[in-house]
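Structure first, commentary second.
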Amino acid sequence: MSAHVEFHPAAQNETARVLAAQFAGSAVERDEKGGTPKAERDAIRASGLLALSIPRQYGGTGASWTETLDVVRTFARVDSSIAHVFGFHHLLLATVQLFGRPDQWEPWLTQTAQNNWFWGNTLNPLDTRTVAQRTDTGYVFSGRKSFCSGALDSDMLVASGLDSESRKLLIAAIPTARAGITLNPDWNSFGQRQTDSGSALFENVRIETNELLLDPGPLSTPFACLRPLLAQLIFAQLFLGIGEGVFAEMKHYTRHESRPWFKSPAQQASKDPHVLRHYGEFWVELESVRLLAARAVQMFDAAWARGASLDETERGHVAVAVATAKVAATRVGLDLSSRLFEVAGARATHGALRLDRFWRNLRVQTLHDPVDYKLQELGEWAVNDELPTPSFYS
């Protein structure tokens with residue numbers, strides 16, 4: 001058991017920066033390798049940052065979501081796979097609080113803070129292949145799940161299955177080591193290569209009644225419906241961090257490696273007027289996303305503080321702010337991670353640099369939640385004053 005590490009905002013930010021610098025040193029090599037970033041996950045365990053969003057009364061740091069997502073963004077600048085599994089860890093801690101009873105999640109949060117548990121995801125409600133069969137003491141889950149980010153090398157899982165009788169979605173929090181769970185190292189995408197977002201197999205996995213998140217359950221109250229908004233915020237910060245990361249890498253390359261085009265009036269690429277104009281555009285894009293993301297996170301923090309008193313309209317306005325930031329972060333991130341090569345030059349495409357990893361990571365992750373549907377929701381708000389209807393994904 002590890003001793004609890006108490007943080008103040010400045011200390012946790014410094015810890016995140018130190019870890020990010022460490023992760024940056026191996027990011028290129030690990031992007032090529034893929035697989036589980038075991039050493040990096042263990043470094044996060046040892047740092048105390050897994051307790052960041054856990055309230056102080058349960059042994060955690062008691063950080064706000066603004067502070068927690070700042071760490072996600074710090075990691076994303078150098079390694080968006082690490083940022084993803086770290087963000088999902090805190091999303092899953094929020095999930096048990098939003099969907100379950102205090103007598104369930106209080107011990108889970110306390111033990112997470114005490115033992116540096118890492119939480120993994122085998123939820124994916126769109127994958128309905130896992131079936132829940134009722135037993136005398138609860139259920140057993142059997143079947144497969146896809147897109148199980150962070151499940152490998154985790155200590156706890158949030159899992160879901162469809163009740164074989166009612167077809168209702170059942171969600172549970174269970175130990176990763178429980179008999180019958182097989183986590184497959186079969187994630188092989190061209191981006192986000194160390195999120196371990198492969199498949200899981202459940203073979204008669206025992207689920208106790210007190211492990212099921214039934215009260216209030218998903219999509220039951222406006223407060224419970226904050227869960228998908230937190231997931232969207234994590235992705236918005238992830239995308240923003242990737243954008244900031246590729247900007248910093250290309251800025252360094254432009255200043256120290258790039259050569260001016262032979263027709264350029266400048267002696268240095270960093271003084272070329274066309275290069276400067278492009279960087280000016282990139283700066284405006286990034287600043288816009290920073291402001292939109294900051295506003296969305298602040299609104300989410302306020303909604304979280306409202307707890308059970310949060311109403312549908314308040315939740316709806318947070319959803320609009322989050323969707324706006326998510327769309328902007330997606331578009332700007334994809335634009336920056338592609339167009340920055342235009343100002344860095346041909347040598348920046350050298351395979352050993354793997355500067356394309358920023359675009360690859362963004363392209364893979366943004367496809368999991370189509371922007372077109374977010375824009376449709378925003379269009380309904382902009383034209384018809386209709387706030388987004390809660391679902392598992394918005």
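The values are calculated or read from the model by the stated rules, or taken from the named source; none is laboratory data. These figures come from a predicted structure and were not determined experimentally. Using ideal geometry, Cβ is built from the backbone for each residue, glycine included, and neighbour counts are taken over all protein chains shown.
Residues that are under 22 Å from Arg73 (Cβ atoms) and in contact (Cβ under 8 Å) with a residue 40 or more places away in the chain within the range 24-43 comprise Ala24, Ala27, Val28, Arg30, Asp31, Pro37, Glu40, Arg41, listed in sequence order. Among the conditions (1) in a helix (DSSP H, G or I); (2) surrounded by fewer than 24 Cβ atoms within 10 Å (Cβ to Cβ), the only one that His90 does not satisfy is (2). Taking the range 116-150 as the range and being small (Gly, Ala, Ser) and crowded, with 24+ Cβ neighbours inside 10 Å as the test, the residues that pass are Gly120, Ala132, Ser149, Gly150.
Yes/no per residue for (1) in contact with a helix residue (DSSP H, G or I) (Cβ under 7 Å, 6 or more places away or on another chain); (2) at pLDDT 95 or above:
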site: His350; (1), (2): no, no
site: Leu355; (1), (2): yes, yes
site: Trp359; (1), (2): yes, yes
site: Leu362; (1), (2): yes, yes
site: Gln365; (1), (2): yes, yes
site: Pro370; (1), (2): no, no
site: Leu378; (1), (2): yes, yes
site: Trp381; (1), (2): yes, yes
site: Pro390; (1), (2): yes, no
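Could you list, in sequence order, the residues of the range 332-383 that are among the small types (Gly, Ala, Ser) and either surrounded by fewer than 16 Cβ atoms within 10 Å (Cβ to Cβ) or within 22 Å of the chain's Cα centre (by Cα) (or both)?
Result: Gly333, Ser337, Ser338, Ala346, Gly351, Ala352, Gly379, Ala382.
For the range 154-192, the set of residues classified as of a type in the set (Ser, Thr, Tyr) and in contact (Cβ under 8 Å) with a residue 12 or more places away in the chain consists of Ser154, Ser160, Ser164, Thr176, Thr182, Ser189, listed by residue number.
Being on the phi > 0 side of the Ramachandran plot and buried (at least 22 other Cβ atoms within 10 Å of the Cβ) narrows it down to one of Asp196, Asp153, so name that one. Residue meeting the stated conditions: Asp196.
Restricting the range 262-294 to residues that are surrounded by 13 or more Cβ atoms within 10 Å (Cβ to Cβ) and of a type in the set (Phe, Trp, Tyr) leaves a set whose member that is nearest to Trp65 (Cα to Cα) is Phe282.
Taken as a whole, the condition of being in a helix (DSSP H, G or I) and over 18 Å from the mean Cα position of the chain (by Cα) does not apply to Glu386.
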